[in-house]
Structure formats: C-alpha cells, structure tokens
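The values are calculated or read from the model by the stated rules, or taken from the named source; none is laboratory data. Computed from a predicted model, the values in this text were never measured in an experiment. With ideal geometry, Cβ positions are generated from the backbone for all residues, glycine too; neighbour counts draw on all protein chains shown.
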Amino acid sequence: MLEFAGPKIKKDDIGGRILKIIAILTFLIAVSAFLKAFSANPASAAEAEAAAKRQTAVFETSMGTFKIELYNDLAPNTVKNFTDLIKKKYYDGIIFHRVIDEFMIQGGCPQGTGMGGPGYSIKDEFGKGLKHDKPGKLSMANSGPNSGGSQFFITLAPCPWLDGKHAIFGHVSEGMDVVEKIGKVPTDSMDRPLKKVVIEKLTVK
C-alpha cells in the first residue's frame, strides 16, 4: 500500500524557521517597549521642558555669592512675585534679619525687622511633591495662611513640620557653603545677626 507522505523538512529549513520565529518575537518585544515608552514620553517630556525654563536667582551678599534655582514649573505664581520684586531692585540693600543655626536664614523685609513687606500678600502655593526635606530649600515666610509677600527663608536642615504651611519655590543650586556661613553668624537673643549680612544685589536670569 502506497502512503502519500508529505514533503520532508530539511534540517536547514528547520533552522531557518526558528530564526524567523526568533526575529518576529524580538520585533514584537521591541514594538511593545517602544509603545510603552511613547505613552510615557509626553508627560516626562513636558516635565523636562518645564524644568528647562527654570530661572536662577543670584544673591550677591556681604558674605559671598550663592545661586538659587527657581521652580517656575511647580510654583509659578510665587516665583513670578519674587522675580517681579527682583526686577524692581526691591531686595538690593536688604539684610538677613533672622538667622538660626541649623534651622534657616530669613530675609526680604524692607524694614529689616521682620515686620515689613511689599504692601500686599499672595496666596500660598504648594507645588506638587515639594517638601522641606533637606538644606537649601527656598520658601516663603508668612504670619499665617495666604499672608506671604516679600519675605523668604532658606533652610539649613530638613524641616518637615513646615510642609503645607510655607510655600517652597526654589533650592540652592550653587554656594550652599555661603548660606551655611551666614547661618553661623553670631546673633542676639532675638536671632538678629550682630553684624549685618546684606543682600548687596539680587538678580535673576
């Protein structure tokens, strides 16, 4: 009895098919990874673009120069208020009127007493993910909710109890040693430096 057998597969053909299957699987994996990355890219690209637009405030003080990266993307209204005052030369000649070692240095009062301001107040703006979790955070000083104006402070240590109470809008990007040096100046019983620490010039770029 004759048996109609199908064509036999050569060993070379088997190897070729396996390679094709591997190639197809590799292609599908690559496509899947690409689609996953593409779906995530819009958000990350937007964040990167926003971060690239951040401005830098340059503090030239009587004790040295330091720079602060401003969070235009995370606290736009607070940053705008700050930079508008800078452009008016509001801060030039103002002192750091309150200094507490291992806590913070505070400035921005035109009277040098901690009681002055620009004549208006702004709403608190708590940017997503911003915390007083390390030294060098720039934050708004206030006397209560929505009472900030021109006064600010820079942390010298983590201060988590300030989260949700004071609006963070930047961090020291260069010259933290100068900030720490200011934090070490001798003060009186009211935390006022015995020798004036002056913001000689404050610019933004």
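What residue, of GLY108, GLY149, GLY136, GLY117, is at pLDDT 95 or above and within 16 Å of ARG192 (Cα to Cα)? Working first, answer last.
Working: GLY149 fails: within 16 Å of ARG192 (Cα to Cα); GLY136 fails: within 16 Å of ARG192 (Cα to Cα); GLY117 fails: within 16 Å of ARG192 (Cα to Cα).
Just a single option satisfies the conditions, and that option is GLY108.
Quick one: is ILE168 farther than 23 Å from LYS67 by Cα, assigned by TED's automatic domain parsing to the domain that holds PRO76, in contact with a Gly (Cβ under 8 Å, 6 or more places away or on another chain) and not basic (Lys, Arg)? Working first, answer last.
On the way: farther than 23 Å from LYS67 by Cα: no; assigned by TED's automatic domain parsing to the domain that holds PRO76: yes; in contact with a Gly (Cβ under 8 Å, 6 or more places away or on another chain): yes; not basic (Lys, Arg): yes.
The answer is no for ILE168.
Condition check ((1) of a type in the set (A, V, I, L, M, F, W, C); (2) under 17 Å from LYS67 (Cβ atoms)) across all residues:
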{"residue": "GLN111", "(1), (2)": "no, no"}
{"residue": "GLY127", "(1), (2)": "no, no"}
{"residue": "GLY149", "(1), (2)": "no, no"}
{"residue": "VAL185", "(1), (2)": "yes, no"}
{"residue": "ASP188", "(1), (2)": "no, no"}
{"residue": "LYS196", "(1), (2)": "no, no"}
{"residue": "LEU202", "(1), (2)": "yes, yes"}
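Kindly list, by first and then second residue, each pair from a residue in region 77-106 that is outside the structural domain of GLY183 (by TED's automatic domain parsing) to a residue that is in a loop (DSSP other than H, G, I, E, B), limited to pairs with Cβ atoms under 9 Å and residues at least 6 apart or on different chains.
So the pair list comes out empty.
Condition first: of a type in the set (Phe, Trp, Tyr) and either at pLDDT below 95 or in contact with a Phe, Trp or Tyr (Cβ under 9 Å, 6 or more places away or on another chain) (or both). Now tell me which residues in region 154-171 satisfy that.
Applying the first criterion (of a type in the set (Phe, Trp, Tyr)) to region 154-171 yields 161, 169.
Correct list: PHE169 only.
Of everything in region 149-175 that's farther than 11 Å from GLY136 by Cα and aliphatic (A, V, I, L, M), which residue is farthest from the chain's Cα centre (by Cα)?
The residue in question is LEU162.
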